[in-house]
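See structure below.
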Amino acid sequence: MQPTQSLTNSINHYASTACRKKQSLLRPRAWAFLPSATAILTLLLATANSSFAGSATWSARPATGNWSTASNWTPATVPNGPNDTATFATSNIRFVAPEGATQVNGIVFNPGASQFTIALLTTTLTISGVGITNNSGITQNFAPGPGEIDFTNSATAGGSDVVFTNAGNVQFFNTSSAGNVTFTNNGAVKFFDTSTAGDVNLNNNAEILFQGNSTAGNGTFTNTGGGIVIFSDQATGGDATFINAGGAVSGGGGGSIIFNSGTAGNATFTNNGGAVSGAFPGETLFNPGDAGDATLIANGGLGGGAGGLIVFSSAGGVSTGGTARVEVFGNGNLDISQQTTLGLTTGSIEGDGLVFLGGVNLTVGANNLSTTFSGLIQDGGVSGGTGGSLTKMGNGKLTLSNANTYSGGTTVTKGTLLVRNKTGSATGTGAVQVNAGTLGGTGKINGAMTVGAGTTSGAILLAGNSATNPGTLTINNTLTFNSLSTYKCVLNRTRAKASEVSALGVTINSNVPFTFVDTGTGTLATGTVFTVIKNTSANPILGRFSNLFDGSVFTSNGNNFQASYTGGDGNDLTLTVVL
C-alpha cells in the first residue's frame with residue numbers, strides 16, 4: 001500500500017469512530033472539536049513532506065550540482081521553504097542549480113567559502129526573507145537565465161561582492177532591495193510595489209522596469225545600445241545615476257529611458273551622443289512623466305554622431321518639467337516640440353547645446369538657480385512648429401550669451417534675464433515683455449521691448465550686467481516703459497561709465513521712476529556727459545520719467561547732474577555733471 005493511501009485509510013477510520021461516538025449527546029465530548037479528515041490529511045502530508053526540506057549546508061563533496069537533491073546537502077534535506085536557509089562553505093562542485101520552483105529565507109556564504117555560481121536554468125528561485133549574505137571574502141555569482149529569481153518581503157540581493165549576470169528575469173517585490181550588488185543585465189530586471197534598487201551598480205543591455213511605488217534608490221545604471229529603462233505608475237528615479245551610452249557604430253542605437261508616468265525624482269540622467277558618424281544617441285523621454293528635481297544632461301556626439309536627447313512629449317498625456325536642471329552641450333539637445341500648447345515649465349537650462357521649442361512656450365527658473373545658456377534656442381524640433389517662446393520665472397538669473405532664433409517672444413515674470421550676446425538677438429525675433437523682475441545685460445535684442453504690465457510695480461530695465469557693472473544694452477526696435485515700471489541707471493565712478501540703453505524709439509508712460517545707483521569712487525569733472533538712453537529713432541523720446549524732468553538737477557555723492565531729453569544728437573536722454 002502506498003504511504004499516502006495508508007494515511008488516508010487511517011484518517012477515514014478515525015473519522016468513522018468519531019461519527020459513531022457523536023450518537024451520544026449527554027454531554028460535550030472532546031471529539032466534537034476534532035478537525036475534518038481532509039484537514040488532518042493536509043497536516044500529516046505537510047509533516048511528512050517537511051522531512052524533505054529545511055536549512056542545510058551544501059556538501060563539500062556533493063554527487064551533482066543539483067540543488068534539489070537532498071543527498072547534496074548536510075543534513076540530507078533540500079532548503080526549500082520560507083524559513084529555510086541555504087548555506088555554502090567549501091565544495092568541489094560550485095555550479096549549483098535548483099530543479100523546480102524553490103523558495104528560501106536566505107542564502108549565506110560562510111567565511112572562507114568557495115566561489116559559487118547559483119544558476120536558474122529553467123525554474124524560479126524565490127528569496128523571501130533575509131536575502132543573500134556573503135561572508136566568504138570573495139565574489140559570489142548568480143546567473144538567472146532563462147530562469148528567474150524573485151526577491152520578496154524585505155529580502156536583499158546582497159553587497160558589492162555579489163555579482164549577477166542575468167539572461168532571464170530578476171524581480172523585486174514588496175520592500176525588497178537590490179542592495180549594492182554588481183549587475184549585468186541581458187534579460188529583464190523588474191521592480192514592483194515599494195521595492196528599491198538600493199545602491200546597485202547595473203550595466204543594462206536589455207530591459208529594466210520600475211512599477212508601482214518602486215524606486216531606483218541610489219543605484220548607478222548604465223544603458224548600452226539597446227538598453228532601456230521604463231518607469232510607470234508612481235515609480236521614481238530616486239537619487240540614482242543613469243547613463244545612456246550613445247551608439248558605438250554607424251546606425252547603432254544608444255541607451256534610453258522612458259517615463260510612461262512616474263517621476264525622475266532627484267536622479268541624474270546623462271545622455272551621451274553617438275560615438276561615431278551615423279550613430280544614434282542616448283535619450284531620456286518623458287511621455288508623459290515628471291522630471292521632478294532631476295538633473296538632465298545631453299552631451300554632444302563624437303565624430304559626427306547625433307547628440308544626446310532630452311524629450312518632453314504629451315503624446316501619452318501631459319509631461320511636466322518639475323524643477324529639473326537641464327544641461328545641453330554641443331549638438332546635444334532638449335526638445336519640447338511635442339508638448340501641448342501649455343508648453344513646459346522646468347527648473348533651469350544651461351550649456352552650449354540646442355533647445356527646440358516647436359511652437360510652444362518654455363518656462364525656466366522654477367529651481368531659482370542662476371545659469372548661463374550659450375547655445376541656440378530655436379523653433380522646430382522632432383514635431384516641427386514655429387512660434388516657440390521663452391519665459392523667465394523664479395529668483396535666479398538666466399544669462400543668454402548667444403544669438404537665438406525662436407520667434408514667439410520672451411517674457412520675464414521674476415528674477416533676472418541677462419542678454420550678453422555679441423551678434424544677432426539673444427531673445428530671438430519676437431517681442432520682449434518684462435512683467436516683473438529685471439531685464440539687463442550688454443547684448444542685443446531685435447524684438448520690441450515693453451517694460452512693465454502697467455498695473456503692478458516690479459519690472460526693471462537695467463543696462464549692464466549688475467547694479468555695480470553698467471554697460472550698453474542695444475534694442476534694435478522700440479522700447480516702451482509702462483506705468484509703475486523702473487529704469488535703473490548705474491554709474492560706476494571708478495570707470496566713469498554709466499548704464500546706456502539704445503533703442504529705435506522710446507516711450508515713457510506716466511508714473512515711471514528713474515533710479516540712479518552711484519557706485520565706485522572718484523571725482524567727475526564738470527561737463528562730463530553720460531548718455532543713459534540713446535534714441536536711434538529720428539523721433540523724440542515720448543514722455544518723461546516721473547522723478548526726472550527735462551532740465552532738472554539732482555545731487556549724488558557730491559556731484560550735480562542735469563537731465564536733458566534733447567541731449568546727444570538731439571533726442572537722447574543725457575546726464576551732465578554741472579556745478
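None of the figures in this text is laboratory data; all of them are computed from the coordinates on show. No experiment lies behind these values; they were computed from the predicted model shown. For neighbour counting, all protein chains shown are included, and Cβ atoms are generated from backbone atoms with ideal geometry for every residue, glycine included.
Subtracting the Cα-Cα distance of Asn153 and Val130 from their residue separation scaled by 0.36 nm leaves 7.4 nm.
What FRET efficiency, computed as 1/(1 + (r/R0)^6) with R0 = 56 Å and r the Cβ-Cβ distance, is obtained for Ser250 and Thr90, rounded to the nearest 0.05?
Computed FRET efficiency for Ser250 and Thr90: 0.65.
Subtracting the Cα-Cα distance of Gln562 and Asn174 from 0.36 nm times their residue separation leaves 132.1 nm of extension gain.
The charge dipole of the chain, taken about the Cα centre with unit charges on the Cβ atoms of Lys, Arg (+1) and Asp, Glu (-1), comes to about 960 debye, rounded to the nearest 20.
Put a dot 7 Å past the Cα of Asn266, heading toward its Cβ, do the same for Asn539, and the two dots end up 5.5 nm apart. Diffusion of the range 323-371 by Stokes-Einstein, at 37 °C in a medium of 0.692 mPa s and with Rh set to the Kirkwood radius over alpha-carbon pairs, works out to 299 µm²/s.
Annotation: for a label point projected 7 angstrom from Cα along Cα→Cβ of Thr429, no residues of the range 362-377 have a backbone N closer than 11 Å. The residue among Thr521, Asn535, Gly385 whose Cα reaches farthest toward the positive pole of the charge dipole of the chain, with charges on the beta-carbon of Lys, Arg, Asp and Glu, is Thr521.
On a full-extension model of 0.36 nm per residue, what is the gain between Leu302 and Thr515, subtracting their alpha-carbon distance, rounded to one decimal in nm?
This chain segment gains 71.7 nm when fully extended.
The HN-Hα couplings worked out from phi for the range 143-148 by the Karplus form 6.51 cos²θ - 1.76 cosθ + 1.60 (θ = phi - 60°) are 10, x, x, x, x, 9 Hz, whole numbers, x standing for Gly and Pro. Between the range 418-455 and the range 208-253, the C-alpha centres lie 39 angstrom from each other. The simple Förster model, with R0 at 60 Å and r as the Cβ-Cβ distance, assigns Thr507 and Asn213 a FRET efficiency of 0.60. In this rough spin-label picture, where each label sits 7 Å from Cα along the Cβ direction, the Ala467-Asn547 distance is 1.3 nm.
Our summary gives the range 337-454 a relative contact order of 19 percent, counting only alpha carbon pairs under 8 angstrom and 6 or more residues apart. For the range 269-276, 3J(HN,Hα) computed residue by residue from phi via the Karplus equation (6.51, -1.76, 1.60; θ = phi - 60°) reads 10, 10, 10, 8, x, x, 7, 9 Hz, glycine and proline entered as x. Each 5 Å bin, from zero up to the one with the longest distance, holds this percent of the alpha carbon pairs of the range 255-391: 3, 12, 22, 26, 22, 11, 3, 0. The label-point distance for Val577 and Ala315, in a model that sets each label 7 Å from Cα toward Cβ, rounds to 6.5 nm. Entry for the chain at q = 0.10, 0.12, 0.13 Å⁻¹: log10 I(q)/I(0) = -0.89, -1.07, -1.16, Debye formula applied to identical alpha-carbon scatterers, no solvent contribution. Our summary gives the range 409-468 a relative contact order of 34 percent, counting only alpha carbon pairs under 8 angstrom and 6 or more residues apart. Peptides 309-318, 270-279, 61-70, ordered by how many other C-beta atoms sit within 10 Å of their residues on average, highest first, read 270-279, 309-318, 61-70. Annotated for the chain: lysine pairs at least 8 residues apart or interchain, Cα distance under 15 Å, count 7. Rounded to the nearest 0.05, the FRET efficiency derived from the C-beta distance between Ser160 and Ser374 at R0 = 60 Å is 0.90.
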